[in-house]
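Student: Mind having a look at this structure? Questions to follow.
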There are 2 protein chains.
Amino acid sequence: MGLPLRKSKVAAPPPACPLTESLSLLRGAWAPNVIWYLSAEPRRFGELRHDIPRISARVLSARLRELESRGLVTRKVLDTSPPSAEYALTPLGRELLPAIEALARVGRKLIDQWELGASHAGARSRPRRVAV
Amino acid sequence: MGLPLRKSKVAAPPPACPLTESLSLLRGAWAPNVIWYLSAEPRRFGELRHDIPRISARVLSARLRELESRGLVTRKVLDTSPPSAEYALTPLGRELLPAIEALARVGRKLIDQWELGASHAGARSRPRRVAV
DNA sequence: CTGTATCCATGATGATACTG
DNA sequence: CAGTATCATCATGGATACAG
């Protein structure tokens, strides 16, 4: 994994990793959460709003449209009354799950370490946003 | 207060994933790139600037400090002339690499598919930022 | 219920100039 | 070379009101 070792002190050639583009897939603070909450089964708009309480309708709509345009999520309008929409991950979108889970694992580990360090240090005030 | 699922089947109740916090590890557009370019070997400030041409010194400095404060990166000042600094990943920081690479893989795949679709569609103008 | 359109606050970034 | 300070800009997100 990783980059090839550079020969000397001189710069390693930028190996053009598609990182920037990849991360733009998860643009914004919520896209990963949306994908996460779609991982088990299709969800409706209102359900997602409930799953992710702090997301606004505007942003949720924007993320869903973006994910749909990129082929990661499908949108199916149900002919019910009142009308409802159901969102689901495409196989492509599903491929992001392992990566997201890997990030979540490392994140959890780091958070645990921080909490450990904080308790050792004596409960120093550390205003950090709560996860999820 | 449980959310009544539409279908009796279970489903993916909000499993409180530490996603939000985890992603904050990679805050900003450049942190993943910084980690990536440190993956092979320690790099100096100027080298990183060269590796990531479009990053400004201000942002690179900010990201490095943030990553350092979180225990993902170490900073070593070399007593040379002119002075230089060398940054390296900590074991903890290294744990992020598989996740980042997983994202990069999916991203690359998606980009390839887009390019394929674009060529089929006849090279439609699609103002997208270039990867890397 | 499912979105969308404004308006507004905030944060991240780049450019430039400057210090050690 | 390594880093910081200041300024201006732009994208993102929230709140609200409103539409289909």
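Student: Within the range B:67-102, take every residue that is over 25 Å from A:Ser22 (Cα atoms) and either surrounded by 13 or more Cβ atoms within 10 Å (Cβ to Cβ) or in contact (Cβ under 8 Å) with a residue 12 or more places away in the chain (or both) and give me the one that is farthest from DNA strand C (Cβ to nearest atom).
Tutor: Step by step, filter the range B:67-102, then rank; the result is B:Thr74.
Student: Which one of B:Arg49, B:Arg58, B:Arg75 is more than 7 Å from chain A (Cβ to nearest Cβ), part of a helix (DSSP H, G or I) and at pLDDT 95 or above?
Tutor: Only one candidate passes the filter, namely B:Arg58.
Student: Here's a follow-up. Would you confirm whether or not the range B:24-45 contains a residue that is within 12 Å of DNA strand C (Cβ to nearest atom), modelled with pLDDT of 75 or more and on the phi > 0 side of the Ramachandran plot?
Tutor: Yes, the conditions are met somewhere in the range B:24-45.
Student: For B:Leu64, all conditions in the list (1) more than 21 Å from A:Gly107 (Cβ to Cβ); (2) more than 9 Å from chain A (Cβ to nearest Cβ) hold save one; what is the number of the exception?
Tutor: All conditions pass for B:Leu64, except number (1).
Student: Something else now. Pull up the range B:20-42, narrow it to residues that are among the charged types (D, E, K, R) and either within 13 Å of DNA strand D (Cβ to nearest atom) or in a loop (DSSP other than H, G, I, E, B) (or both), then point me to the one that is nearest to the other protein chains (Cβ to nearest Cβ).
Tutor: B:Glu41
Student: I'd like to check something: does the range A:47-66 contain any residue that is free of Cβ contacts under 8 Å to residues at least 12 places away in the same chain and away from DNA strand D (no atom under 13 Å from the Cβ)?
Tutor: yes
Student: Here's another thing I want to ask about it. B:Ala57 - would you say it is surrounded by 15 or more Cβ atoms within 10 Å (Cβ to Cβ) and either more than 25 Å from A:Glu115 (Cβ to Cβ) or among the aliphatic types (A, V, I, L, M) (or both)?
Tutor: Answer is no for this residue.
The values are calculated or read from the model by the stated rules, or taken from the named source; none is laboratory data. These numbers come from a predicted model, not from an experiment. Methodologically, a virtual Cβ is constructed for each residue, glycine included, from the backbone with ideal geometry; neighbour enumeration extends over all protein chains shown.
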